[in-house]
Amino acid sequence: MKDVIYAINLTLDGCFDHTNGSPDDEVMEYYTQLLRGADLLVFGRKTYQLMVPYWPDVAKDRSERKAEIDFADAFVSKNKIVFSQSLESAEDKNTKIVRSSIQDEIVRLKREQGKYILAGGVSIPSQLIELGLVDEYRFVVLPVIAGEGRRLLEGISLREKLRLRLVESRIFKSGSVALHYLKQ
């Protein structure tokens with residue numbers, strides 16, 4: 001079975017808004033490696049529309065930093081699923097819009113052969129966490145205190161406390177810290 005990995009950047013005070021800080025080249029390389037290993041990327045509409053057309057444009061234009069171009073190349077090469085009731089069409093040729101049950105679709109995808117499914121954003125991963133379908137968590141904590149904004153996993157309702165086991169941590173030169181947890 002494929003694992004579902006949830007990966008996201010957040011600030012020290014738990015905010016996840018992408019405007020609170022930018023990953024440096026070392027963090028971008030970390031995410032590029034994670035992306036390259038995935039069979040499939042899973043998003044909701046809002047996250048998808050933040051990622052596309054931005055990363056495909058970076059891949060075409062090639063004027064950004066090497067770390068960003070490498071990430072963009074990995075991103076555009078991957079198949080993607082967007083869970084959305086309102087998105088009419090996908091700009092990216094490797095994207096499928098799914099309007100059916102998130103639980104049914106992810107359970108089906110987990111049964112397929114392959115590496116892993118990488119989930120990004122907040123809304124869809126929060127639903128997957130509530131359903132018990134996330135197997136690994138990859139958080140990169142940026143050395144920023146935002147002071148305000150939506151907090152990670154705010155408003156999710158768990159049937160029971162979710163116990164995680166730290167299996168890896170990495171400190172980047174920038175002061176960002178990557179944390180890798182497995183569900184126990």
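For this structure, a couple of remarks:
- Pairwise FRET efficiency - Glu29 versus Ser77, Cβ, R0 = 22 Å, nearest 0.05: 0.85
- Full-stretch length increase - Glu130, Lys93 - with 0.36 nm per residue and alpha-carbon distance subtracted: 10.3 nm
- Each Lys and Arg contributes +1 and each Asp and Glu -1, all at the Cβ; summed about the Cα centre of region 57-148, the dipole is approximately 360 debye.
- Around Leu166: net Lys/Arg minus Asp/Glu count, Cβ-Cβ under 14 Å: +3
- Whether the chain is rounded, prolate or oblate, judged on the alpha carbon gyration tensor where a/c under 1.5 counts as rounded: rounded
- Nearest-0.05 FRET efficiency for Gln85 and Arg111, computed from C-beta distance (R0 25 Å): 0.55
- Proximal aspartates and glutamates to Lys96, defined as alpha-carbon separation beneath 15 angstrom and excluding residues fewer than eight positions away on the same chain: Asp39, Glu88, Glu105
- Taking the Cα centre of the chain as reference, the dipole from Cβ charges on Lys and Arg (+1) and Asp and Glu (-1) amounts to some 560 debye.
- Summed residue charge, Cβ within 14 Å of Gln49's Cβ, Lys/Arg positive, Asp/Glu negative: -1
Every number in this text was worked out from the coordinates using simple rules, so none of it is lab data. What you see is a predicted model, and the numbers here were worked out from it, not measured in a lab. Every residue, glycine among them, receives a Cβ derived from its backbone with ideal geometry; neighbour counts consider all protein chains shown.
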